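The values are calculated or read from the model by the stated rules, or taken from the named source; none is laboratory data. Not measured: the values here are computed from a predicted model. Here the Cβ positions follow ideal geometry from the backbone for every residue, glycine too, while neighbour counts run over all protein chains shown. Heads up: the accessible areas ignore ligands, DNA and RNA and are worked out on the full protein's heavy atoms, side chains in. Shrake-Rupley method; radii C 1.70, N 1.55, O 1.52, S 1.80 Å.
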Amino acid sequence: MSAYAAGQGVAIAVTRFPATTRTAHDAAREIGCTVAEIVKSLVFLADDAPVVVLCSGADRVDESKLKLVTGASIVRRATADEAKSATGFAIGGVPPFGHANGIRVIVDDGLLAFDIVWAAAGLPDAVFPIAPTELIRLSRSTVAEVRMPRSA
């Protein structure tokens, strides 16, 4: 993942923590930022094709919106085994780019509200900061609104 970013001209500063950063809440606590500034890398299957969705740690993905964006008739969360097989990484450490296979990546446009976000770096205790625009470029993603509305 770091080698891929370096090849694209971006130096990634990975930080490892003694405690886990597996969940958005864990990562925010360790980093000292808000949960909203954490990038969740969620793996879905859209008509059996893996798709990685990057969204704010404060948000949930609306599968009906994801269906529209992907053009799929069936969308579901991947199992832990499916996610690892598709990306090469275990859930809780799936990075936004540098996956084992060429996987479609969709970035929820809500991440653009931040100057810097924190994403998983391939391990359940490692993260890195990145500007959302660089995240989009490096992940070669489609940007769309796929989050559920937040409750008031």
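The residue of region 1-15 that is surrounded by the fewest Cβ atoms within 10 Å (Cβ to Cβ), among those that are aliphatic (A, V, I, L, M) and assigned to a helix (DSSP H, G or I), is Ala3.
When region 114-132 is examined, which residues are found to be assigned to a loop (DSSP other than H, G, I, E, B) and closer than 19 Å to Val52 by Cα? If you could, list the steps in order and put the result at the bottom.
Within region 114-132, the subset assigned to a loop (DSSP other than H, G, I, E, B) is 114-116, 121-125, 131.
Correct list: Ala121, Gly122, Leu123, Pro124, Ala131.
Collect the residues in region 31-81 that are among the small types (Gly, Ala, Ser) and either over 13 Å from the mean Cα position of the chain (by Cα) or farther than 21 Å from Ile136 by Cβ (or both), keeping them in residue-number order.
The answer is Gly32, Ala46, Ala49, Ser64, Gly71, Ala72, Ser73, Ala78, Ala80.
Might you check whether a residue that is within 18 Å of Gly98 (Cα to Cα) and in contact with a strand residue (DSSP E or B) (Cβ under 7 Å, 6 or more places away or on another chain) occurs anywhere in region 54-72? There is at least one residue in region 54-72 that is within 18 Å of Gly98 (Cα to Cα) and in contact with a strand residue (DSSP E or B) (Cβ under 7 Å, 6 or more places away or on another chain). When you scan region 35-43, do you find a residue that is touching a Ser or Thr at 6+ places or on another chain (Cβ under 7 Å), over 18 Å from Ile130 (Cα atoms) and of a type in the set (A, V, I, L, M, F, W, C), even just one? Yes, that holds for at least one residue.
Condition check ((1) open to solvent by less than 20 Å² (accessible area, probe 1.4 Å); (2) assigned to a helix (DSSP H, G or I)) across all residues:
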residue: Val69; (1), (2): no, yes
residue: Lys84; (1), (2): no, yes
residue: Gly92; (1), (2): yes, no
residue: His99; (1), (2): no, no
residue: Val107; (1), (2): yes, no
residue: Leu112; (1), (2): no, yes
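Got a number for residues in region 71-82 being open to solvent by 50 Å² or more (accessible area, probe 1.4 Å) and either in a helix (DSSP H, G or I) or under 28 Å from Arg29 (Cα atoms) (or both)?
In the first step, residues of region 71-82 are kept if they are open to solvent by 50 Å² or more (accessible area, probe 1.4 Å); the result is 71, 73-74, 76-77, 79-82.
After this cut, where a residue has to be either in a helix (DSSP H, G or I) or under 28 Å from Arg29 (Cα atoms) (or both) as well, the list is 77, 79-82.
Matching residues across region 71-82 total 5.
I'd like the full set of residues that are open to solvent by 50 Å² or more (accessible area, probe 1.4 Å) and under 17 Å from Gln8 (Cα atoms), limited to region 114-152. Selection gives Thr133, Glu134, Arg137, Arg140. Residues in region 122-143 that are at pLDDT 95 or above, out of contact with any Asp or Glu (no Cβ under 9 Å at 6 or more places or on another chain) and among the hydrophobic types (A, V, I, L, M, F, W, C): Phe128, Ile130, Leu135, Ile136.
Looking only at region 16-54, which residues are farther than 30 Å from Ser73 by Cβ, part of a loop (DSSP other than H, G, I, E, B) and in contact (Cβ under 8 Å) with a residue 12 or more places away in the chain? Correct list: Phe17, Pro18, Ala19, Thr20, Thr21, Arg22, Thr23, Cys33, Thr34.
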